[in-house]
1. Given the conditions (1) open to solvent by 10 Å² or more (accessible area, probe 1.4 Å); (2) without any contact (Cβ under 8 Å) to a residue 40 or more places away in the chain; (3) not acidic (Asp, Glu), which single one is not true for His352?
2. Please report, ordered by residue number, the helices (runs of 4 or more DSSP H) entirely within the stretch 187-281 with at least 2 residues that are of a type in the set (Phe, Trp, Tyr) and surrounded by fewer than 22 Cβ atoms within 10 Å (Cβ to Cβ).
3. So Gln334 fits all but one of (1) open to solvent by 20 Å² or more (accessible area, probe 1.4 Å); (2) in a loop (DSSP other than H, G, I, E, B); what number is the exception?
4. Only residues that are open to solvent by 20 Å² or more (accessible area, probe 1.4 Å) and in contact (Cβ under 8 Å) with a residue 12 or more places away in the chain: list them for the stretch 288-303, please.
5. Just the residues that are open to solvent by less than 40 Å² (accessible area, probe 1.4 Å) and closer than 21 Å to Leu502 by Cβ, please, taken from the stretch 360-376.
6. Could you count how many residues in the stretch 406-427 are assigned to a strand (DSSP E or B) and farther than 19 Å from Gly486 by Cβ?
7. Which count do you get for residues in the stretch 532-553 that are touching a residue at least 60 places away in the same chain (Cβ under 8 Å) and surrounded by 19 or more Cβ atoms within 10 Å (Cβ to Cβ)?
8. Out of all the residues in the stretch 307-320, is one or more closer than 30 Å to Val629 by Cα, open to solvent by 20 Å² or more (accessible area, probe 1.4 Å) and assigned to a helix (DSSP H, G or I)?
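The values are calculated or read from the model by the stated rules, or taken from the named source; none is laboratory data. Predicted model, so just to flag it, every value in this text is computed and none were measured. Note that we place each Cβ from the backbone using ideal geometry, even for glycine, and neighbour counts take in every protein chain shown. Note: areas computed on protein heavy atoms with side chains; ligands, DNA, RNA excluded. Shrake-Rupley method; radii C 1.70, N 1.55, O 1.52, S 1.80 Å.
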Amino acid sequence: MTNHSQGTAPRASRSTGRKRRTPGRIVLSILKWIVILIIALAVIGAGVFGVLYARQGIPNPNTDFETNLTSVYYADGQEQMSTFAVQNRVSIPLSEMPETAKQAVVAGENETFWDDPGISIPGLMRAAASLVGPGDAVGGSTITQQYVKVMYLTQDKTFTRKLTEILVALKIGQELSKEDILERYLNAVYFGRGAYGIQAASQAYFGIDAKDLDLAQSVALTAIINSPNNLDPGRGEAQRSDLMERYQYVLNQMVKLKYITEDQRAELYTTLPDFPTLDSAESRWGGPKGHLLKLVQEELKAAGFDEAQIQGGGLRITTTIDKRLQDAAVAAAQDQAARIAKAQNQDPNYYHPAIASIDTGTGAILAMYGGPDYTSDFTNYAVTPRAAGSTFKPWALVAGLRDGASLTDRFNGDTFTLKGESKPITNGGHNYGPVTLEKATTSSINTAYVDLVTQMKDGPQKVIQAALDAGLVNNKWQATPNIPLGSAEVSPLEAARGFATLANEGKRTTPHIIAQVTDMNGQVVYSPTINPEQTIENDVSTNAVNALLGVTQDGTGRVAVSGLNYEVAGKTGTNFSNGETLATWFVGATRQISTAFVLTAGPQALSNLGRNTYGSTYSAVGWNAYMKVAMAGKERIDFPAAVKQTRKGNFTAPPTPTPTATPTATASVRPTSAAPTTSEPTQSSEPTSEPTTAEPTARPTRTTSRPTTTPTARP
């Protein structure tokens, strides 16, 4: 059956407007109705009808008309995010339908409904006679026949289909009560605006539940059934005028059947109810939420739900998305896009900020920004891999700690060239001399990290394994010694998951967007399994976190924690090519929430963001704006202090440079009190043309050790 859930479905039933009938069509129509009536009467008189009736079974329902709207909610389970639908339908019991709507539909569509056997011979005869008269065409189908045609048959105008309709309507009339038929009809019939059934129609036209319809709304809504394409007042003045005519007809019928008084009719007769401006069906996927809905669908499919269940199963899906946090993510991302656009004299739509934020203990996705409008760009940049820049260094850090390196081991902080290579590894033109692994992390020193990787046996593979263990996905990473410098591509959601693993003491969770799914009966049919797995050793994750705390306390990521008052294990990241910035990152986690913010540009492929643009320039600022909202009111839970190294490595420190060697670079940094939205760190130099990373250097690593603490349990 054709799916009419998007837009307005065609209606093959009666129309209030005059039909343009040629003489040939008139003759054919007359003959059709005469044949139907003669055959029906003949077979009844001959007793053959009883045989046909006995042999006629009730067909299987049309699949589309057994569907119900699936609703998607935010984490509170109260505020609706959107809906999925083959057809926009929400079935409700007759008891939830207002008496005025039941009376209006009977008065307008089938005044003999409560007494007829399912068909109306006088009605069929009037319909046939109207075809040759001067007035409008009159419909001859009862409510039962309309229900049968919609639920079991097709809209084909054939003798066979019409005869089957009559037989099935009679059988339905015998097997079901009138109340059951009316309930099923009002849950199945098309009202226009993509809405099937009175509940969906009430929402589509008035933005209220069916049970809240007043008399005028009930009459207008049921009047629209007669010809939804032509009676929707939102389509224009002509349609509104036609609806008024049909509306008055129904009111007259209701007086005739004594459902309402003449005074009640007089109060309503000259004025239609107000029809508010409401979102269209297409808006269900519009804006940033479309990316969330797509993830919901994908997760349902992975959990074993088929398309029919998802689109028309009447499911109630509660997501993990916190509406307050989601709004903050949208605002933070779009603010940074506007900010860089102003600085670079560019259209904000040229930029692609993306945010992924998850609960560190459960993997629940709390907020995600993948783009401004799903309907105009299906690409979800929050799940699109991008060159990670220095945010990939933590996985070399984990690999090194696993291999026996300690945070106090020293590595080469000066420019050097790998054996067999022609291009040197640099730090944006700066040399630091021998630096500890902690200092190399704090100041994002490229050469020290490459030195670390080259000193490990199968170092690049160990870095890759560490990243995989944290929860990242190998997007064709190249196992080379400079892998920590960030040519490897990672999505923001993967990056957030990886840092969540470290913040969760090495226990990896699975990101998920669904909290619970219930069926139409309110029974829970799905909820995710939360089973954190220890994939990175506890002591390794603890020491890695302590090194990453230095980034936000003393290093390149200090802007990210301005005014936050929570410990953050974080890392800036910048991807360069030929002196231009292609992607900037900040990824960081508190004990409760892990969030990644990336900024890229270009219509499709990566394009440059402009010179002197780093992870601390926009991404860390946007991360800070979002996390201030996300962490508001949460308990401050510090990370465990670094633990004593038990693994023994075989790492060789570089020789201490002589006084004539290149001096250690210094860098200007933002004062601690500076507001991240009003000033930027002064860069010590331009980055190199090498397509790796170079973050602005920072003040020396703190010399005081963090006190040993007992980790506070997660609330």
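1. Exception for His352: condition (2).
2. On the way: elements: 198-206, 215-224, 228-231, 237-256, 262-268.
In the stretch 187-281, no matching helices (runs of 4 or more DSSP H) lie anywhere.
3. Failed condition: (2).
4. So the first thing to find is which residues in the stretch 288-303 are open to solvent by 20 Å² or more (accessible area, probe 1.4 Å), and the list is 288-289, 294-295, 298-299, 301-303.
Pro288, Lys289, Lys294, Leu295, Glu299, Ala303, listed by residue number.
5. Just the residues of the stretch 360-376 that are open to solvent by less than 40 Å² (accessible area, probe 1.4 Å), to begin with: 360-361, 363-371, 374.
Hits for the stretch 360-376 are Thr360, Gly361, Gly363, Ala364, Ile365, Leu366, Ala367, Met368.
6. Step one: of the stretch 406-427, the residues assigned to a strand (DSSP E or B) are 410-412, 416, 425.
Next cut, farther than 19 Å from Gly486 by Cβ only: 410.
Of the residues in the stretch 406-427, 1 are assigned to a strand (DSSP E or B) and farther than 19 Å from Gly486 by Cβ.
7. Here is the first cut: in the stretch 532-553, the residues touching a residue at least 60 places away in the same chain (Cβ under 8 Å) are 532, 535-537, 539-551, 553.
So of that shortlist, the ones also surrounded by 19 or more Cβ atoms within 10 Å (Cβ to Cβ) come out as 536, 539-551, 553.
So the count comes out to 15.
8. Within the stretch 307-320, not a single residue is closer than 30 Å to Val629 by Cα, open to solvent by 20 Å² or more (accessible area, probe 1.4 Å) and assigned to a helix (DSSP H, G or I).
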